[in-house]
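A.B. asks: Provided herewith is a single structure, encoded as structure tokens, for subsequent inquiry.
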Amino acid sequence: MLFEVRCPGCNALGWCPCPRCIDELADPAPATVSGAASVTLLFAHADTGREFIHALKYRGERAIAGWLGNSLALGHLAARRCSTASGLMGAVAVDAVTWAPTTAAHRRARGFDQAETLARATAKALRVRPLRLLTRVGGRAQSGASRTARLSTPRFGASARADGRTVLLVDDVLTTGATLHAATSALLEAGAAAVHVAACARRGHSGHSPDA
Ligand SMILES: [Zn+2]
């Protein structure tokens, strides 16, 4: 099968994504991640933004991963002026780019980990090594937490290679920030000097979408 590039927003041939769909992306609501030195978000997880994420997450499209990685590296949408952009990478030098691994079940079902794909694309754009610093720790019960909360709040362990590094932690979607907070905490406990968070899409607070 020939590899053809199509815009994940409107299916236009030859663009990924096309300028019109980039312009249609809604600005993300602000978010904080406890422990993180900074949080960079590109767009809201709605309409066109949701299509971009689905292209990455369910179809593993390399072209959109590359564009998202470039945008995360820039700290704003590639090929679009963004007045709210802080220019993360102009101000922050990171030693490593890493990701919070998805569950083994998701990885098996999709054949890849979209967070890893994204982190590798971002690292390439930054010319920084992607490092697998985090592992998912099996769901141990948290006293006082509801079953739903236990199942939905992941826990991570971090490699000693995080020690002394300024890490960029990349993910596709930020909802409550619980996953990225858990990953940030693990990196800091392993000795990371600082953890900066960069996620493509910000999902609203209600966050009951089934693909969280
Ligand atoms: Zn388009």
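Just so you know, all these numbers are worked out from the coordinates, no wet-lab data involved. What you see is a predicted model, and the numbers here were worked out from it, not measured in a lab. With ideal geometry, Cβ positions are generated from the backbone for all residues, glycine too; neighbour counts draw on all protein chains shown.
A.B. asks: Neighbouring Cβ atoms within 10 Å as the yardstick, rank R108, R202, R20 fewest first.
C.D. replies: Starting with the residue having the fewest Cβ neighbours, the order is R108, R20, R202.
A.B. asks: Another question about this same structure. When a footprinting reagent is the concern and you count Cβ atoms within 10 Å, what order do D23, D172 take, fewest first?
C.D. replies: D23, D172
A.B. asks: While we're on this one: Could you tally the net charge around R110, taking each other residue with its Cβ under 10 Å from the Cβ of R110, Lys/Arg +1 and Asp/Glu -1?
C.D. replies: In short, +3.
A.B. asks: Using the number of other C-beta atoms within 10 angstrom as an exposure proxy, rank E189, E51 with the fewest first.
C.D. replies: With the sparsest Cβ surroundings first, the list reads E189, E51.
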